[in-house]
Amino acid sequence: MKILGIGSRIEHPEHGFGVVTNVTAKMYWVTFQKAGLETIPVDDTFEVIEACEDDVDTVSFYDVEKSLREILQKFSDVSQVVPLAEKFKKGTMILQPADSNLASKEIPIETFFHKIVMLRDRLRVMEQKINSSELDDAAKVDLQQYITRIYGSLTTFNILFASKDQQFKGAGK
């Protein structure tokens, strides 16, 4: 089976007339005149009106973008989107001093949570840099233990995370 290239025009029995706008080895992204953008399997049933040559290496822009995103997440301090627990959305954190003559400070929980997530992401980057450094194994283990203790100290903030797999984990017992 020959893969159609970007720009190929097809007539699909369900979606009607469309133009292939992206291609992978398994899927076509087709912009249909009436249905809009749809993905269909390359082995789906449709009539080819005009085939354009597949001059792309069947690696789509989506695949390249996904790979680039994974590389950036692995080797930079770029934060991924981490959802805040629903019950805290639009909430406010109030810092009230013991001295009633002093003003309290209100901070949106989303702002505080964002700072916590940035801290976590930077700790992960530090961890990666330590592990890939030229330090001897004993020094790496020593620094790794400090990082684990830091994670453990931050478990207090786990209630803010919507997903348990995003939470801080210490050494455990």
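The strands (runs of 3 or more DSSP E) falling completely within segment 1-60 that include 1 or more residues that are modelled with pLDDT of 90 or more, loosely packed, with under 13 Cβ neighbours inside 10 Å and of a type in the set (A, V, I, L, M, F, W, C) map to 47-50. Could you list, in sequence order, all residues of segment 5-52 that are more than 33 Å from the chain's Cα centre (by Cα) and polar (S, T, N, Q)? Result: Thr45, single match. The test for being part of a loop (DSSP other than H, G, I, E, B), in the same structural domain as Lys90 (by TED's automatic domain parsing) and farther than 16 Å from Gly91 by Cα holds for Leu135.
Looking only at segment 113-135, decide whether some residue is more than 26 Å from the chain's Cα centre (by Cα) and surrounded by fewer than 10 Cβ atoms within 10 Å (Cβ to Cβ). Within segment 113-135 (the criterion being more than 26 Å from the chain's Cα centre (by Cα) and surrounded by fewer than 10 Cβ atoms within 10 Å (Cβ to Cβ)), the answer is yes, since at least one residue qualifies.
Residues in segment 150-168: is at least one surrounded by fewer than 12 Cβ atoms within 10 Å (Cβ to Cβ) and either of a type in the set (Phe, Trp, Tyr) or at pLDDT 90 or above (or both)? No: segment 150-168 contains no residue that is surrounded by fewer than 12 Cβ atoms within 10 Å (Cβ to Cβ) and either of a type in the set (Phe, Trp, Tyr) or at pLDDT 90 or above (or both). Asp121 meets all of the listed conditions (1) modelled with pLDDT of 85 or more; (2) in contact with an Asp or Glu (Cβ under 9 Å, 6 or more places away or on another chain) but one, namely (1).
Only residues that are farther than 30 Å from Gly91 by Cα, surrounded by 14 or more Cβ atoms within 10 Å (Cβ to Cβ) and of a type in the set (Ser, Thr, Tyr) were counted in segment 138-149, giving 0.
The values are calculated or read from the model by the stated rules, or taken from the named source; none is laboratory data. Computed from a predicted structure; not experimentally measured. Methodologically, a virtual Cβ is constructed for each residue, glycine included, from the backbone with ideal geometry; neighbour enumeration extends over all protein chains shown.
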